[in-house]
Amino acid sequence: MMSLQEVIICLQFEKSVEGVKQLATQPNTDDLLEIYALYKQATIGNVNTASPGMFDIKGKSKWNAWNAKKDMTTEEAMQKYINKVQALATK
């Protein structure tokens, strides 16, 4: 059973997932990679696919960003995602 704190983080995470779609400006590439990696780590866990080939630059960047979050807990990834979206919303 989830603790009250875990439930609150999950609800805030879901709200942030919707909020990122409504940001006033498009985040820069580094911010987008950070958001992507934190989302994947929070929802799936560690990278579960093979690294894309060297000619798939975008795919390789996304894979590397996600892999950099390896072993981060779900709750930690959710909280960092929430914090990142809030920071982008205040820019």
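Since every read-out is calculated from the coordinates, none of them should be taken as a lab result. Model, not experiment: these values are computed from the prediction. Here the Cβ positions follow ideal geometry from the backbone for every residue, glycine too, while neighbour counts run over all protein chains shown.
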- Query: Between the helical axis of 74-89 and the dominant principal axis of the chain, each derived from Cα atoms, what acute angle in degrees is found, rounded to the nearest 10?
  - Reply: 90 degrees
- Message: If I histogram all Cα-Cα distances within the chain using bins 10 Å wide from 0, what percent of pairs lands in each bin?
- Response: 17, 45, 30, 7, 1
- Message: Run the paramagnetic zone check for Ala89: 7 angstrom along Cα to Cβ, then residues of region 1-45 with backbone nitrogen under 11 Å.
- Response: 12-24
- Message: As an exercise, identify the chymotrypsin sites (Phe, Trp or Tyr not before Pro) in region 24-62 lying in DSSP coil whose Cβ has no more than 11 other Cβ atoms within 10 Å.
- Response: Phe55
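If contacts are Cα pairs under 8 angstrom and at least 6 residues apart, what is the relative contact order of the chain in percent?
Numbers: 82 pairs, mean separation 37.4, N = 91.
So the answer I get is 41 percent.
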- Check cross-link reach from Lys62 to the lysines: straight Cα distance under 18 Å, and skip same-chain residues fewer than eight apart. Lys40, Lys70, Lys80, Lys84
- Query: Label points 7 Å out from Cα along the Cβ direction at Lys58 and Leu32: separation in nm?
  - Reply: 0.8 nm
- Given charges at Cβ of Lys, Arg, Asp, Glu: the chain dipole, positive-most of Tyr39, Ser3, Thr25: Thr25
